[in-house]
1. Taking the Cα-to-Cβ direction at A:Lys93 and at A:Glu145 and moving 7 Å from each Cα, how far apart do the two end points lie in nm?
2. Where does the protein assembly as shown land at 222 nm, in deg cm²/dmol rounded to the nearest 500, when only DSSP H runs of n ≥ 4 count, each adding -39500 (n - 2.57), divided by all residues?
3. Given +1 on the Cβ of Lys and Arg, -1 on the Cβ of Asp and Glu, and no further charges, what dipole in debye does the protein assembly as shown carry about its Cα centre, rounded to the nearest 20?
4. So which lysines can B:Lys215 reach, going by Cα to Cα under 23 Å and dropping same-chain residues fewer than 8 places off?
5. Between B:Glu89 and B:Glu40, what's the calculated FRET efficiency when r is the beta-carbon distance and R0 is 30 Å? Round to 0.05.
6. Once you charge only the Cβ atoms, +1 for Lys and Arg and -1 for Asp and Glu, what is the size of the charge dipole of chain B about its Cα centre, to the nearest 20 debye?
7. Order by neighbour count: B:His56, A:His196, B:His115, fewest other Cβ atoms within 10 Å first, most last.
8. What's the angle, to the nearest 10 degrees (0 to 90), between helix B:14-23's Cα axis and the longest principal axis of chain B?
Amino acid sequence: MKKYIRIVDTTLRDGMHAVSHQFTPDDMAEIAEGLDRAGIDTIEIGHGDGLGGSSYQYGFAAASDEEYLKTVSRVLKNAKLDILLLPGIGTMKELELAAKYDAKVARIATHVTEADIGEQHIKLAKELGMEAIGFLMMVHMVPPEKVAEQAKLFESYGADRVYITDSAGAMTPKDVVARIKAVKEAVSIPVGYHAHNNLSLAMANTLVAVEAGADMVDATCKGLGAGAGNTQTEVLVAVLDKLGYSTGVDLYKIMDVADDIVAPKMKRPQVIDKNSLSIGYAGVYGSFLLHALRGAEKFNVDARDILVECGRRKTVGGQEDMIIDVAYELSQKRRAKLANC
Amino acid sequence: MAKKIKAAIIGPGNIGMDLMFKLMKSEYIELEMVVGIIPESEGLALARENGYKTSHEGIKAILGNKEIKIVFDATGAKPHLMHAPLLKEDGKIAIDLTPAAVGPYVVPPVNLGEHIDSPNINMVTCGGQATVPIVAAINEVADVEYAEIVATISSRSAGPGTRQNIDEFTQTTARALEVIGGAEKGKAIIILNPAEPPIIMRDTVYTKVKNPDEKAIRDAVEKMVAKVQEYVPGYRSKVPPIVDGDKVTTMLEVEGAGDYLPKYSGNLDIMTAAAKAVGERIAKKLLEETAKEVV
């Protein structure tokens, strides 16, 4: 029998970064309906930074968490509705709201060294009858043993699964395998993997993760997502099929969703350009991209300088305000230099 | 004037110890006792080394001691809920550094005057102490509709209490932005950063204002920063207010005084410094009252 790989399509969550969180509830419902029809197992929705993410810091979404949840939950027939929550941004109140709208999966996301801030949220998700997933972000910043240690914490809180997330799209296949293996050895719960394409390695990394034992992976239609985007759902379905895995997804139908429904809603082409490549190279959180472009314009500096400096300062996910700080400092420094001439 | 007002600290953890070192330098408060519940506590040993009475019997050791007028509670929300009624009954003023919020929220440069007679005062959160003054200052001149703050602290300075109750931080801070800051709606975000060497606490304050008068906003913020600096010398504006339409962005940095805790933990320093500022104002008032009675 073919090995089953569960695909989480996160076009409607990670993809929100690429459209500055401007999908409307109707856009989401239309895409979600298509994904459901194509046989996608799990559909993640919401602001790019998860529940409660709508803010000055990350950008205001076109609608509230509740409006998205309500509209999408109405159209799903088979797929499981999934939400992301970053403790420190979203709270247990929002988790309860998601459960009210029948979200079946809660991914509790923390920086790779801070799993303990998610203990209460994992426990609440379980109490609410949801599948609880501990989602470790920015795993490239620490060695595999540290990732394993934090995965164990999530397991001890009662998480059903733990995710290894390359939020910066900064890892090479070797880095991915080492982390998946270390975590697989440390925990007895299943392991998932989430890639970004800043180094053009999203697909390759997803495949080596699957080979190393990940049985749940993330992808987005057209690769829509933070930075250079994610592993492309429709391509992943085709590739996994060729490699002899089953996904339960209908290839033609998912291609149609990607090209006919998602593509017309895109604001800009999802490509690797000098800025998204800089994100992967510097190891910076993927959603910094559009914020860095805006900061670069406002303060008249190079977006790459902002991103590289953010990397040097070891910023973590969620620190979008650092971009303004860095851009301001770079502009002041340049002004000082000019004054010296 | 009488000498000094006697006080005690409950909870000899990081916060309690930093506060102890700060109170050593107080003009108005004489720290009498530090109590905890673990006999072999390092904090209690340190308090003894510094010449303070200690007890591991917790609040019991303080109750009934009529000399102690002010009690700083640096335990946790649950213990403080138990301590609060006992302290009140015993006629002691409680300065609460936990998220219990039994008494009104106080941020010294904004609303201490209003609550100086309250038997229980709550110190909000570190993020609240750092950002509410700025929101209040902007609100004064520009009328704040929405305030959002992002506090980034080093992982090392976030203890187990903060970690296990991270929602309390965001909810309490958001509420303080409304109740004391004067925003119609508040939102708070907290981020832990594990970088080594540890980062200094940073706070970003975004506000949406009805009257975006850049000069008035800059002046108000500058004045408020100076007021906070009176009790937190390491508090500074990193990026002065940037006015963009009706959006105002201000960035702050809070470096600790390094009394007991390392300088990067400005988030803890601003809590203990604010608690000391509140305690001193109350002590000063009590001393003045005693002086009057003598006359």
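1. If labels sit at A:Lys93 and A:Glu145, their model points lie 4.2 nm apart.
2. Working: 23 runs with 269 residues, N = 636.
That comes out to -13000 deg cm²/dmol.
3. Charge dipole, the protein assembly as shown, about its Cα centre: 980 debye, nearest 20.
4. Counting by Cα, and skipping residues close in sequence, B:Lys215 has these lysines nearby: A:Lys298, B:Lys223, B:Lys227, B:Lys238, B:Lys247.
5. On the way: r = 30 Å, r/R0 = 1.02.
Step by step, r from the Cβ atoms, then E = 0.50.
6. The calculated dipole for chain B is roughly 340 debye.
7. B:His56, B:His115, A:His196
8. Taking the Cα atoms of chain B, the angle to B:14-23 is about 80 degrees.
Each value in this text was obtained by applying a stated rule to the coordinates, not by laboratory testing. Model, not experiment: these values are computed from the prediction. In this analysis, Cβ positions are derived from the backbone assuming ideal geometry, glycine residues included, and neighbour counts consider all displayed protein chains.
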